[in-house]
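J.: Have a look at this one before I ask anything.
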Amino acid sequence: MSTSHPPVLDASGRRLTIADRADEAAILSFARAFHAEDGHPLSDQGERALGHLLTDQTHGLVFKIEGTSGVIGYAVLCFGYSVELGWRDVFLDDFYIIPSERGHGLGHSVMDALIGFAREAGFAAVHLEVMAGNRAEVFYRRLGFKDRGSAFLTLRL
């Protein structure tokens, strides 16, 4: 899969581009804020995983969201494969925009761009997990994400 993707621009000068190692400090800062806000602090393993994705795009991509004042958020797409869907799929693992930039349509623009990227790259589906009670669930449902009637279960190793 080619990871070259032109930046997505909106009328207010915001951009979505693939992040790299030079963006690590900003991305980690946002990841810590996101995970704290979501109620599960970012672990040392999570920090290492983000660092790995910034240098090796084999398993996923980190996107930076830029505004006129610099980086204002990030998103992480992790690659998978689904027998059920019959092809590769992608998991939106993290998505964060700083609070002062929320509520103005930026999240919708970023999600449209990420879904477009996944579609153009040939993925069969985009999955995401939203914590119970998170107000973002309404946002994701408006974008077309649906509960499949299954439970997302985890066994940490």
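The values are calculated or read from the model by the stated rules, or taken from the named source; none is laboratory data. Values in this document were obtained by computation on a predicted structure and should not be read as measured data. Backbone-built Cβ (ideal geometry, glycine too); neighbour counts: all protein chains shown.
Here is a yes/no grid of residues against (1) in a strand (DSSP E or B); (2) at positive phi; (3) of a type in the set (D, E, K, R); (4) modelled with pLDDT of 95 or more:
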position: 11; (1), (2), (3), (4): no, no, no, no
position: 17; (1), (2), (3), (4): yes, no, no, no
position: 23; (1), (2), (3), (4): no, no, yes, yes
position: 27; (1), (2), (3), (4): no, no, no, yes
position: 32; (1), (2), (3), (4): no, no, yes, yes
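J.: Give me the residue from segment 19-63 that is under 13 Å from the mean Cα position of the chain (by Cα) and within 17 Å of residue 100 (Cβ to Cβ) and, out of that set, surrounded by the most Cβ atoms within 10 Å (Cβ to Cβ).
T.: Looking at the filtered set, the residue picked out is 30.
J.: Would it be correct to say that residue 156 is more than 15 Å from the chain's Cα centre (by Cα) and either farther than 23 Å from residue 46 by Cβ or assigned to a strand (DSSP E or B) (or both)?
T.: So residue 156 does not fit the description; no.
J.: A follow-up question, please. Which of (1) within 18 Å of residue 73 (Cα to Cα); (2) loosely packed, with under 11 Cβ neighbours inside 10 Å is the odd one out, the single condition residue 97 does not satisfy?
T.: Going through (1) within 18 Å of residue 73 (Cα to Cα); (2) loosely packed, with under 11 Cβ neighbours inside 10 Å one by one, residue 97 breaks only (2).
J.: So, restricting to strands (runs of 3 or more DSSP E) that lie completely within segment 49-130, which ones have at least 1 residues that are of a type in the set (Gly, Ala, Ser) and touching a residue at least 40 places away in the same chain (Cβ under 8 Å)? Spell out how you get there, then give the answer.
T.: Values: elements: 60-67, 70-82, 87-97, 126-128.
Counting at least 1 such residues, we get 60-67, 70-82.
J.: Which of the residues spanning segment 51-70 are farther than 22 Å from residue 118 by Cβ and either among the basic types (Lys, Arg) or out of contact with any Asp or Glu (no Cβ under 7 Å at 6 or more places or on another chain) (or both)? Let's see the steps before the verdict.
T.: We begin by selecting, within segment 51-70, every residue farther than 22 Å from residue 118 by Cβ; these are 51, 67-70.
Those that are farther than 22 Å from residue 118 by Cβ and either among the basic types (Lys, Arg) or out of contact with any Asp or Glu (no Cβ under 7 Å at 6 or more places or on another chain) (or both): 68, 69, 70.
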